[in-house]
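One structure is given below, encoded as structure tokens.
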Amino acid sequence: MKERTDCPVYEWIANQSIFEYMIDFRNCLVHYRSFAISDNALVIKEGADISDIIEKNDYVFAPLARATYRTVDEGGFSVNIYLPPDKIFEQSTNGKKLARFTYEEKWNLLSQCRNFAQATSTTVLLSLRLVLKTKEPAFKYGN
């Protein structure tokens, strides 16, 4: 956290990686990528080696989502969409730059939404508890 605060809720938020990750995800969608494009989706068989495909294509134009499938029975398939990637930005000498997208963690959109909703709910509960137990809720935030 760049700024200092004596508010326990702000301190808690600053230590939750899901918030920083979701901010990076939002920034990536707004400034670099969009779901509203005519991008073809390629669903690859689970476990297939796609390293040569990734190396031949410029990672800047790689899709934000990655999907795999597996056969579950005769005529049935299970599709997993991994979104967002493991890391979106990395630090450089000029600040943050777009990272090469990897999907080793196999995070999917549903799990990330659940984590974000849980952290948001916890923030609301912590805020309500703090307001109830603090007679004059005035906290400092700054350098």
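Observations on the structure shown:
- Distant-in-sequence amide H partners of Y82 (H built 1.01 Å from N, under 5 Å): R66, A67, T68
- The H on the amide N of F89, modeled in the peptide plane, is under 5 Å from the matching H of A99, each at least 5 residues off or on a different chain.
- Highest to lowest packing among 5-14, 74-83, 119-128, scored as the average C-beta count within 10 Å: 5-14, 119-128, 74-83
- In order along the stretch 120-127, the Karplus-derived 3J(HN,Hα) couplings, from 6.51 cos²θ - 1.76 cosθ + 1.60 at θ = phi - 60°, round to 5, 4, 4, 4, 4, 5, 4, 5 Hz, and Gly and Pro are given as x.
- Under Karplus coefficients 6.51, -1.76 and 1.60, residue-wise ³J(HN,Hα) of the stretch 80-96 in Hz, glycine/proline x: 10, 10, 8, 7, x, x, 4, 9, 9, 10, 9, 6, 10, 5, 9, x, 9
- Exposure proxy ranking, count of Cβ atoms within 10 Å, fewest first, for L132, L64: L132, L64
- Residue-wise HN-Hα coupling along the stretch 98-108, computed from phi with Karplus coefficients 6.51, -1.76, 1.60 (Hz; x: Gly, Pro): 4, 7, 6, 6, 10, 9, 5, 6, 6, 6, 10
Each reported figure results from applying straightforward, stated rules to the coordinates on display, with no laboratory input. All values reported here derive from a predicted model rather than from experimental measurement. Counting neighbours? That spans all protein chains shown, and the Cβs are built from the backbone with ideal geometry, glycine included.
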